[in-house]
Structure formats: C-alpha cells, structure tokens
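A.B. asks: Pasting a structure here, questions to come.
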C-alpha cells in the first residue's frame, strides 16, 4: 500500500480505498488462524491473591517456558513457569523481584 500511495502522490498514513473483503475470504482467514482446541485456563499463579498478566511463551531444549507478570496490589514482579506439553505448567518462581531502596523497587516487569 505504501508504494501505491507514493505512486498516486497520496499520504501513506490514511487508507483511501474502499475495499470490501468477501465473506468467503473472511471464513478462509478465520479457519487458518482460529484456535483449534480450547482448554480454558491452563495455569494459575500459586498465590490466588495475586494477579497474572502478559504471558510470553518460548521453547528451549524441548521444554516450554512462560514468563509472566504478577501484580500483588503494590507492584509488579516477573515470574517463570515450565511445561512439557503447554497444558501442565509448573511455576519456577521469580526471575525479577522487588528490591529495597531503589527507584524501581516495586516495578520488576520484564
């Protein structure tokens, strides 16, 4: 689109075309990207009084890892969990935790 906008001497920042995507194309895209299996919540933080957010999953040496942020009402810490099948997770603990007397003492999200 950027090249087309340059050729027509139009701004690349705003879309100026009325493109309608067919129902068939939308159905095809949906079928390609939809979640094939829905399992619901597969991991909860060990402490039910804390909230979890921003999971990031990666694989190393055949093991899946998930980093996630934990909020305790005061600040954020980053934790890690592991899994062999993406369904059964085990918390490995904190990887970025609160500190004392520093400018970022309550914010260890990474």
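The values are calculated or read from the model by the stated rules, or taken from the named source; none is laboratory data. No experiment lies behind these values; they were computed from the predicted model shown. Please note: Cβ atoms are built from the backbone with ideal geometry, for glycine as well, and neighbour counts cover all protein chains shown.
A.B. asks: When you scan the stretch 62-71, how many residues do you find that are farther than 14 Å from residue 92 by Cβ and part of a strand (DSSP E or B)?
C.D. replies: Here the count works out to 2.
A.B. asks: Of the conditions (1) assigned to a loop (DSSP other than H, G, I, E, B); (2) modelled with pLDDT of 90 or more, residue 74 clears all except one; give me its number.
C.D. replies: Here residue 74 clears every test but (2).
A.B. asks: Please state which one of 59, 38 is part of a strand (DSSP E or B) and either more than 18 Å from residue 97 (Cα to Cα) or modelled with pLDDT of 85 or more (or both).
C.D. replies: Only one candidate qualifies: 59.
A.B. asks: Assuming residue 29 fulfils every condition listed in (1) out of contact with any strand residue (DSSP E or B) (no Cβ under 9 Å at 6 or more places or on another chain); (2) surrounded by 10 or more Cβ atoms within 10 Å (Cβ to Cβ); (3) at pLDDT below 85; (4) within 30 Å of residue 64 (Cα to Cα) apart from one, which condition is it?
C.D. replies: All conditions pass for residue 29, except number (3).
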